[in-house]
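Read-outs throughout are calculated quantities, based only on the coordinates presented, and are distinct from any laboratory measurement. All of these numbers come straight from a predicted model, not from anything done at the bench. All Cβ positions, glycine included, derive from the backbone under ideal geometry; neighbour counts span all protein chains shown.
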Amino acid sequence: MKNKLSPKFWLALTVFSLMGQVAWVVENMYFNVFIYKMFSAGAADISNMVALSAVTATLTTVLMGALSDKIGKRKLFISLGYILWGVSIFAFVFLREDYISKAFSMTVSAASVGISLTIILDCVMTFFGSTANDAAFNAWLTDSTDKSNRGAAEGINAMMPLVSILCVFGGFMFFDLDKKESWSTIFIIIGALVTLIGILGFFIIREPKIEPSKESYLGSILYGFRPRTVRENPRLYVSLLAFIVFNISIQIFMPYLIIYYEVSLGMSDYVIVMAPAIIIASVVTAFWGRVYDKRGFHFSGAVAVALLLLGYGVLFFTQSKLPVFIGSLLMMSGYLSGMAVFGAVIRDNTPDGGAGKLQGVRIFSQVLIPGVVGPMIGKAVLKSAEVITNSDGTTSFVPNANIFLAAAVALVFVIPVFFKKRS
């Protein structure tokens, strides 16, 4: 019997998942563009920012997820976290070369200081975002669903990254990203929206019925990393291991994707080209969560990975608009469908009462290891990439299609998990 979820649940899920993903899209896809355009950052700078943000996200999720279990509250962490998350995004308004030059007695270039400050503030923003979203919101979603409806809920949750990309792409197309004033406006808008959503959370989020953990705080932090926990939950940890490899594949190309479209392919209108792909992929992802509920992990996961591999292949071999659209559609459909499948199977195999303290283990597989290893592979692949000279005399690297080939090679190592004997 499928348990019906309330309209209030679906509203909270949609609003907080969407706004959280909008903020993450701005960070994961456009902070790279921001320091690339505003401070002429190189591939190593981008790799360092992604890696440090991943470390911050992981430590935050481990500590704050365990704390939310210890206190037995989710709503407070979600709502207050979103409010502070929005404030930290707003702070990026002050990261401009003209402001930096006035604020510091410059012994080094304002661009170098700007890169460093962007990375530091990104970590601050990630702390609040991971507290609210990675730790508390994801634990709330696990607590509020069960095996009869988790795939459907995860399908909505997993499609939000694509919907948020569409929202961000659509909004950003009205801005000239070569102008610092455009970035200031963007950070004001996103920061204000995230803060308002946090305030709204106090009214629409229903606190799940969870008992405060009687385990010590340190015990809660270490819970997911104990050998005993691994032995007692083998399916969970096999799924997490496959999820690590899946996300490494994504992180090889994702930090450079927008730069690849705009600079390497010369697609200044990439938003118009990508919008239909994003809309279609969003529908596929929402549907695919229900396929997981009916057909299970092995079937739904294998098809998602196959779609992702096909997308990589098309993007590697083609550069004109129509094939790039097709490749992007396949890539995005496979990526987000895979996220829905892995998200659902991880929640299904999370033991009762462990949602908060196991978010740290999940974030290791989704963010930390992929966020460090993936960009390092991408940086190595782009080591000999073409370098161009900008109009102001600075130089910038030009990503090439080898990032998709490397991502495909990494993804191949996920395939064996779908042939593992069901037990």
Exercise. Would you say VAL33 is surrounded by 24 or more Cβ atoms within 10 Å (Cβ to Cβ), touching a residue at least 60 places away in the same chain (Cβ under 8 Å) and farther than 26 Å from LEU200 by Cβ?
Worked result: no
Exercise. Within region 57-164, which helices (runs of 4 or more DSSP H) (wholly inside it) include 1 or more residues that are of a type in the set (Gly, Ala, Ser), in contact (Cβ under 8 Å) with a residue 60 or more places away in the chain and touching a Pro at 6+ places or on another chain (Cβ under 9 Å)?
Worked result: 138-144
Exercise. Can you name the residue in region 17-72 that is out of contact with any Phe, Trp or Tyr (no Cβ under 7 Å at 6 or more places or on another chain) and among the charged types (D, E, K, R) and, of all such residues, is nearest to GLY170 (Cα to Cα)?
Worked result: GLU27
Seminar exercise, completed: If you go through GLY327, GLY378, GLY360, the only one that is closer than 25 Å to SER68 by Cβ and in contact with a helix residue (DSSP H, G or I) (Cβ under 8 Å, 6 or more places away or on another chain) is GLY360
For this session: Enumerate the helices (runs of 4 or more DSSP H) found wholly within region 274-390, keeping only those where 1 or more residues are farther than 30 Å from TYR223 by Cα.
Result: 297-317, 321-348, 369-381
Exercise. Which of (1) in contact (Cβ under 8 Å) with a residue 12 or more places away in the chain; (2) surrounded by fewer than 16 Cβ atoms within 10 Å (Cβ to Cβ) does LEU218 not meet, given it meets every other one?
Worked result: (1)
For this session: Within region 116-157, track down each residue that is more than 19 Å from MET19 (Cβ to Cβ) and polar (S, T, N, Q).
Result: SER116, THR118, THR142, THR145, SER148, ASN149
Seminar exercise, completed: Taking region 242-284 and keeping only residues that are surrounded by fewer than 22 Cβ atoms within 10 Å (Cβ to Cβ), of a type in the set (S, T, N, Q) and either without any contact (Cβ under 8 Å) to a residue 40 or more places away in the chain or over 20 Å from ALA43 (Cβ atoms) (or both), one is left with SER268
